[in-house]
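Here's the structure we're looking at; comments come further down.
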Amino acid sequence: MPTPRGHVKIRFGYELLYGSTQVTPLVLCLRAAPSPSQRLLVSDVVRTDPFVPVVSSRDAFGNLCTRLIAPAGTVRISTAGLLDDPGTAEPAFRDARETPIANLPADTLMYVLPSRYCESDLLAPEALRLFGYLRRGWSRVQAICDFVHQYVACGGSPDRQAQTALETYNAGQGLYQDMTHLAIAFCRALGIPARYATGYLDGFGVPAVDAPVDFPSCVEAFLDGAWHIFEPRNNVRRIGRLIIARGRDAADVAIGSAFGAATLQQFRLWTDQISDTDAIQAA
């Protein structure tokens, strides 16, 4: 099938190396969840070395997870996929309105409550002070992202644990995921359902930005009956974002959960725009 004009093809994948002194169950949350406008030309099939059986299942948030039992020693887990993306920036629905709490769908209510990294209850006074007077809807969520983008200096060790939204606000500094947590907490404090999403992100079509060493995160805010993407870190509409998981915060979308002594020893991921000729060969 020919690719529509303007579309781009993005090769993506990851490679993980886990080490353990004993047999250890693992759950990975890394499967691609393309949007309706995207299409997988090559599916991101999970491979292991040495070979171990893998099983797919859905978690409580609807994410497609991979379960396996890692042997003692090391196991390399990898995938390589190919995405057809429309090549256009994420849409902006500037007239989208907020939905009153009483009218929210039941499955969105968990996203207006505090969570491990998003203490919306503790940040409510500041949210009301900073944004409570603004017009409700898309522009208010964008104002939150504008504030986080300008207020939080992006920096710190990429190896440290995520900090909470309140910690990020007090410090005025944080990583990609910390900025996402703060924007989510402010949204929830104002009664706007907001969830944490993570995935691959290609740099096509935008000025160069700091290359993340992890899967970059974004905010999904519920406005006018639909979920919409916002990204406080770079604060621009992006091209080629491929979501892999969604949850209340980073704790729900960990790359891998080991139920034992397994540790992640190496981690590599990639997204590359490729030519039509390379795409045909890859497919």
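Of the residues 245, 171, 221, which exhibits the maximal mean-square fluctuation in a Gaussian network model of the chain defined by a 10 Å Cα contact cut-off?
171
Name the residue farthest towards the positive end of the dipole of the chain from the options 179, 134, 147, assuming +1 on Cβ of Lys and Arg, -1 on Cβ of Asp and Glu, about the Cα centre.
134
To the nearest 10 degrees, how steeply does helix 138-151 sit against the main Cα axis of the chain, on a 0 to 90 scale?
80
Using a 10 Å cut-off on Cβ atoms, rank the peptides 136-148, 99-111 from the highest mean neighbour count down.
Packing order, densest peptide first, comes out as 136-148, 99-111.
Restricting to the chain, what percent of DSSP beta bridges are antiparallel, rounded to 5?
95
At a 1.4 Å probe radius, carbon and sulfur cover how many percent of the accessible area of the chain?
After summing per-atom areas, the C and S share lands at 53 percent.
Mind checking which of 266, 230, 12 is farthest towards the positive end of the chain's charge dipole, using Cβ charges of +1 (Lys, Arg) and -1 (Asp, Glu) about the Cα centre?
230
How large is ³J(HN,Hα) for each residue in segment 171-180, as worked out from phi by the Karplus curve 6.51 cos²θ - 1.76 cosθ + 1.60 (θ = phi - 60°), to whole Hz, x for Gly and Pro?
7, x, 8, x, 8, 3, 5, 5, 5, 5
From the helices alone, meaning DSSP H stretches of at least four residues, give me the mean residue ellipticity at 222 nm for the chain, per-run term -39500 (n - 2.57), in deg cm²/dmol to the nearest 500.
Value at 222 nm, helices only: -5500 deg cm²/dmol.
Search the structure for amide H atoms under 5 Å from the amide H of residue 202, placed 1.01 Å from N in the peptide plane, and list their residues when 5 or more places away or on another chain.
241, 242
Taking H as built 1.01 Å from N, whose amide H comes closer than 5 Å to the amide H of residue 8, not counting residues under 5 places away?
85, 87
Could you give the nm distance between label points at residue 22 and residue 121, where each point is 7 Å from its Cα heading toward the beta carbon?
Taking the two extended label points, one gets 3.7 nm.
Over the chain, give the accessible area per residue in Å² for a 1.4 Å probe, as an integer.
For the chain, the solvent-accessible area averages 48 Å² per residue.
The values are calculated or read from the model by the stated rules, or taken from the named source; none is laboratory data. Computed from a predicted model, the values in this text were never measured in an experiment. Cβ sites come from the backbone with ideal geometry, for glycine too, and all protein chains shown count toward neighbours. Surface areas here come from the heavy atoms of the whole protein model, side chains and all, with no ligands, DNA or RNA. Shrake-Rupley method; radii C 1.70, N 1.55, O 1.52, S 1.80 Å.
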